[in-house]
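J.: Quick one: this structure, given as structure tokens, is what I'll be asking you about.
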Amino acid sequence: MASSADGRDSSDAVEPGRMKFSSGYCRTCRLEVESTTISVVHVVGTSLKADLNRSAPPSSKFFSVKCTAGVQYRINPPPQETTDLSHIPLNGNSVLLISMGSASQHENDNKLSVQYYGENKEVLGKAVLHLTAVEISLDVDADRDGVVEKNNTNKGSWKWGPNGHGAILLVNCDSERTYWKKPDSEQNHISKVSDLKDMSLMVLRTRGPPKLPEGYKLTMHISQGHAESVRVFRSKGKTTNAVSERVYDYFVRDYPLVLSAKFLSREVPYLGGEAEMNFYVEGLRFSDKDFDGLISINLSLLEPISPGLPETPIFTDTAVFRVAPWIMTPNTLEPEEVFVCSTKDNYQFLKGMKNLVARSGYKLKICHEYVNRGDRWMQDELEFGYIDSPHHIFPVVLDSPRDGKMQDFPYHELLGPDFGYVTRVAHRRDVSSLDSFGNLEVSPPVTVNGKNYPLGRIIIGVAFPTATKGRNMTQVVQDFLWAQKVQEPVALFSDWLLVGHVDEFMTFVPAADRKGFRLLLASPDAGYKLFRGLKNNGHGQAKLFEGLKDEKPKTVDELLSDTSLEAENNYVQSCIDWNRDVLKRELGLDDEDIIDLPILFKLVVEKQDRTQFRAVAYYPDMVNMIVLGKNLGIPKPFGPKVNGRCALEAEMCSLMEGLGLNCTFIDDFAAYHKLLGEVHCGSNVRRKPFDFKWWNLEM
């Protein structure tokens, strides 16, 4: 039986062979015979291991163990059943495993002693441990339900999927300030208490005596590798003696900075009794090429060795976070706000957009000329997305490295409370037209060869694989997009276009059947088929561009007789067919999921390289549309009229109305088409987030 240190049997003792020990943390503890009292702090849920032979006096042959009721021990290897437990044979590998099942009420309130005996069972020496037990747990929302549970066994690791685990961290990239603002992640203090909701709660729970033995202390620490990615603040409010008795002080000075790039380790208070201390963890950067998004925060109990010498860690608890990815939203999600620019020459376009947005029931935000400075390409300057966690969600705008004249709009006009901002800075020599975000799209959710992409797949345009003079999206943006993981990108060939954007030849629209959407592709073949049908039906003299100022009308017959134009469109069709095959393969699409739109192109000489020919739309590019629920805002094509109606508009309506979609044609000819863009290029949409939670992805 386990015994008390003074030799009397303990009524609460349990046979050593039946002791239950934690399968987790075990640390070595030294025994010293005839020394001054050794005080040891033990963390509940762990084990102490003492090498009995190492501390035994010379000539020791036997030993015995006694302890107070709060201590449990086990001898390994266990003594034979016939052994006299008051004189247990000492083997060369005898080890004592010590544990305590509950926290101490007072310092050094439990003891364990080991007595050593010689050949004739004479006493040779005695080692005594004075034990103080504490409970320590660094807790996070490891099961992702919005509640910080106590000592979740999975808090120190990350696993994807609906049955996964691991805490989630938001990049604190919004701004609580609206004037003289900058992202909260760039401030080294909490400017408003409302900023705490952007952070992940982490709770240090302790139970034990009013204070730790002299010299013991708690420290929180991060690695140098994580220092640029995370910061930790703490609350001065505390719970003493009962979890329900919290005292909060909601002034920002009561949330001091604990960990940062400057402070990798800090001592944190031990509050005594049963207590909780809240910490607030903020992400400082998104996953990228050099950062996988995983962050570890550690809490250690340090033990003093001797005055003037460093303390040593005797227990460490670790919490692991994954930084939430930046997520794009496809056309199939419901809009919340529509953004357009106002310029001195786009009144007609703006009028059409206002009517469409009002009829669709959404908000319209206009970037006026004093902000955009004549830059009308709202789509190219920015891309809307969002970040999500179990405790908070908010939109985040990705600012393009394009940096046109409206480069200040994303930061100065959008960044604010619960509206985040992120950008990737590239060398100006590396930035091309392909870095404008008309060249950045995302598909609706798809399944490809049994693999689900419930958040869709990002789509970017790049140069043809064999191109020697091709333009590409700058590497820093591509690295950022790939690192988000949850919307694995697909690269298409878009460098054949003068502007070079994927939205010039493709888009997605919602549909009630099949996969829930259709892919729309520009198709010169469909265009020539339509025009030849018009000619065969006696409409060869119907004119394109009729009534447009400063634009020479062209008959269907003239268009069809232009062999150079037809050859150019055969080339364009081959480029689009290349992308069609990639999209079918990478998005798991069938031909029935794709609708070809009658759109022609023409080749023009590249200004920077007079030997290079690239394509632009021959008439307003109808695929370059804005999708607002069931309402489509489509560039007015000014095609040939048959019985008073534009044949291109009629064909477009026929194709879309079969999906239950309404077509509105917006005149963007002078203000956008002539400047090599269309409706989609001149607008942007912030949409509602997915219902699907990214952390439930099967990776």
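The values are calculated or read from the model by the stated rules, or taken from the named source; none is laboratory data. Note that this is a predicted model, so its numbers are computed, not measured. No Cβ is skipped: glycine too gets one built from the backbone with ideal geometry, and neighbour counts run over all protein chains shown.
J.: Take the range 389-446 and flag every residue that is aliphatic (A, V, I, L, M), surrounded by fewer than 19 Cβ atoms within 10 Å (Cβ to Cβ) and over 27 Å from LEU697 (Cα atoms).
T.: Step one: filter the range 389-446 for residues aliphatic (A, V, I, L, M), giving 393, 396-398, 406, 414-415, 422, 425-426, 431, 434, 440, 442, 446.
Remaining after also requiring surrounded by fewer than 19 Cβ atoms within 10 Å (Cβ to Cβ): 393, 425.
The one that is aliphatic (A, V, I, L, M), surrounded by fewer than 19 Cβ atoms within 10 Å (Cβ to Cβ) and over 27 Å from LEU697 (Cα atoms): VAL425.
J.: Could you look through the range 178-209, keep only residues that are of a type in the set (Ser, Thr, Tyr) and in a helix (DSSP H, G or I), and pick out the one that is farthest from HIS412 (Cα to Cα)?
T.: SER194
J.: Still on this structure: Of the residues VAL685, VAL604, which is β-branched (Val, Ile, Thr) and either over 31 Å from the mean Cα position of the chain (by Cα) or outside the structural domain of GLU441 (by TED's automatic domain parsing) (or both)?
T.: Just one listed residue meets the conditions, VAL604.
J.: Given the criterion surrounded by 21 or more Cβ atoms within 10 Å (Cβ to Cβ) and either of a type in the set (Val, Ile, Thr) or in a helix (DSSP H, G or I) (or both), identify the matching residue among VAL616, VAL623, VAL582, VAL604. Quick ask: steps written out before the conclusion?
T.: On the way: VAL616 fails: surrounded by 21 or more Cβ atoms within 10 Å (Cβ to Cβ); VAL582 fails: surrounded by 21 or more Cβ atoms within 10 Å (Cβ to Cβ); VAL604 fails: surrounded by 21 or more Cβ atoms within 10 Å (Cβ to Cβ).
Step by step, each of VAL616, VAL623, VAL582, VAL604 is checked, and only VAL623 is surrounded by 21 or more Cβ atoms within 10 Å (Cβ to Cβ) and either of a type in the set (Val, Ile, Thr) or in a helix (DSSP H, G or I) (or both).
J.: Is it true that GLY456 is buried (at least 20 other Cβ atoms within 10 Å of the Cβ), touching a Pro at 6+ places or on another chain (Cβ under 8 Å), assigned to a loop (DSSP other than H, G, I, E, B) and touching a residue at least 60 places away in the same chain (Cβ under 8 Å)?
T.: It is true that GLY456 is buried (at least 20 other Cβ atoms within 10 Å of the Cβ), touching a Pro at 6+ places or on another chain (Cβ under 8 Å), assigned to a loop (DSSP other than H, G, I, E, B) and touching a residue at least 60 places away in the same chain (Cβ under 8 Å).
Every residue, every condition in (1) of a type in the set (Phe, Trp, Tyr); (2) surrounded by fewer than 20 Cβ atoms within 10 Å (Cβ to Cβ), yes or no:
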{"site": "GLN72", "(1), (2)": "no, no"}
{"site": "GLN80", "(1), (2)": "no, yes"}
{"site": "LEU90", "(1), (2)": "no, yes"}
{"site": "VAL95", "(1), (2)": "no, yes"}
{"site": "ALA103", "(1), (2)": "no, no"}
{"site": "HIS106", "(1), (2)": "no, yes"}
{"site": "TYR116", "(1), (2)": "yes, no"}
{"site": "ASN120", "(1), (2)": "no, yes"}
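J.: Suppose we filter ASP345, ASP375, ASP317 for residues that are closer than 30 Å to GLU267 by Cα and outside any helix (DSSP H, G or I); which single one remains?
T.: Just one listed residue meets the conditions, ASP317.
J.: Only one residue in LEU333, LEU356, LEU398 is touching a strand residue (DSSP E or B) at 6+ places or on another chain (Cβ under 6 Å), assigned to a strand (DSSP E or B) and touching a residue at least 12 places away in the same chain (Cβ under 8 Å), so which one is that?
T.: LEU398
J.: Further question: Got at least one residue in the range 651-669 being part of a helix (DSSP H, G or I), more than 27 Å from SER342 (Cβ to Cβ) and modelled with pLDDT under 95?
T.: The answer is yes; a qualifying residue exists.
J.: Determine whether the range 176-193 contains at least one residue that is within 30 Å of TYR25 (Cβ to Cβ) and exposed (fewer than 15 other Cβ atoms within 10 Å of the Cβ).
T.: No; the residues of the range 176-193 include none that is within 30 Å of TYR25 (Cβ to Cβ) and exposed (fewer than 15 other Cβ atoms within 10 Å of the Cβ).
J.: Here's a follow-up. If we scan the range 676-686, do we find a residue that is farther than 21 Å from LYS515 by Cα, of a type outside the set (Phe, Trp, Tyr) and in a helix (DSSP H, G or I)?
T.: no
J.: Still on this structure: In the range 269-304, how many residues are closer than 30 Å to GLN487 by Cα, in a loop (DSSP other than H, G, I, E, B) and touching an Asp or Glu at 6+ places or on another chain (Cβ under 9 Å)?
T.: In the first step, residues of the range 269-304 are kept if they are closer than 30 Å to GLN487 by Cα; the result is 280-297.
Subset that is in a loop (DSSP other than H, G, I, E, B): 284-287, 289-290, 292-293.
Filter again for touching an Asp or Glu at 6+ places or on another chain (Cβ under 9 Å), leaving 284-285, 289-290.
Within the range 269-304, residues that are closer than 30 Å to GLN487 by Cα, in a loop (DSSP other than H, G, I, E, B) and touching an Asp or Glu at 6+ places or on another chain (Cβ under 9 Å) number 4.
J.: On the given criteria, is THR474 in the same structural domain as ASP591 (by TED's automatic domain parsing), under 30 Å from PHE638 (Cβ atoms), β-branched (Val, Ile, Thr) and crowded, with 20+ Cβ neighbours inside 10 Å?
T.: No, not satisfied.
J.: Still on this structure, I have one more. Residue by residue through the range 201-227, note down the ones that are farther than 21 Å from PRO269 by Cβ, crowded, with 16+ Cβ neighbours inside 10 Å and small (Gly, Ala, Ser).
T.: Once the filter is applied, which keeps residues that are farther than 21 Å from PRO269 by Cβ, crowded, with 16+ Cβ neighbours inside 10 Å and small (Gly, Ala, Ser), the range 201-227 yields only ALA227.
Let's see how each residue does on (1) touching a Ser or Thr at 6+ places or on another chain (Cβ under 9 Å); (2) charged (D, E, K, R); (3) not assigned by TED's automatic domain parsing to the domain that holds ALA69:
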residue: VAL95; (1), (2), (3): no, no, no
residue: LYS111; (1), (2), (3): yes, yes, no
residue: GLY164; (1), (2), (3): no, no, yes
residue: ALA167; (1), (2), (3): yes, no, yes
residue: LEU170; (1), (2), (3): yes, no, yes
residue: TRP180; (1), (2), (3): no, no, yes
residue: VAL193; (1), (2), (3): no, no, yes
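J.: Let me ask you something else. What's the total number of residues in the range 527-574 that are hydrophobic (A, V, I, L, M, F, W, C), within 23 Å of LYS674 (Cα to Cα) and in a helix (DSSP H, G or I)?
T.: Step one: of the range 527-574, the residues hydrophobic (A, V, I, L, M, F, W, C) are 530-531, 534, 542, 544-545, 548, 556, 559-560, 565, 567, 572.
Next, only the ones that are within 23 Å of LYS674 (Cα to Cα) stay: 531, 542, 544-545, 548, 556, 559-560, 565, 567, 572.
Those still in the list that are in a helix (DSSP H, G or I) too: 531, 556, 559-560, 565, 567, 572.
The qualifying residues number 7.
J.: Working only within the range 312-341, note down all residues that are closer than 21 Å to HIS368 by Cβ and surrounded by fewer than 17 Cβ atoms within 10 Å (Cβ to Cβ).
T.: Those that are closer than 21 Å to HIS368 by Cβ and surrounded by fewer than 17 Cβ atoms within 10 Å (Cβ to Cβ): GLU336, GLU337.
J.: Find the residue count for the range 146-163, including only residues that are surrounded by 12 or more Cβ atoms within 10 Å (Cβ to Cβ) and small (Gly, Ala, Ser).
T.: 2
J.: Does LEU589 satisfy the criteria of being surrounded by 23 or more Cβ atoms within 10 Å (Cβ to Cβ), farther than 21 Å from VAL556 by Cα and out of contact with any Cys (no Cβ under 7 Å at 6 or more places or on another chain)?
T.: For LEU589, the condition - surrounded by 23 or more Cβ atoms within 10 Å (Cβ to Cβ), farther than 21 Å from VAL556 by Cα and out of contact with any Cys (no Cβ under 7 Å at 6 or more places or on another chain) - is not met.
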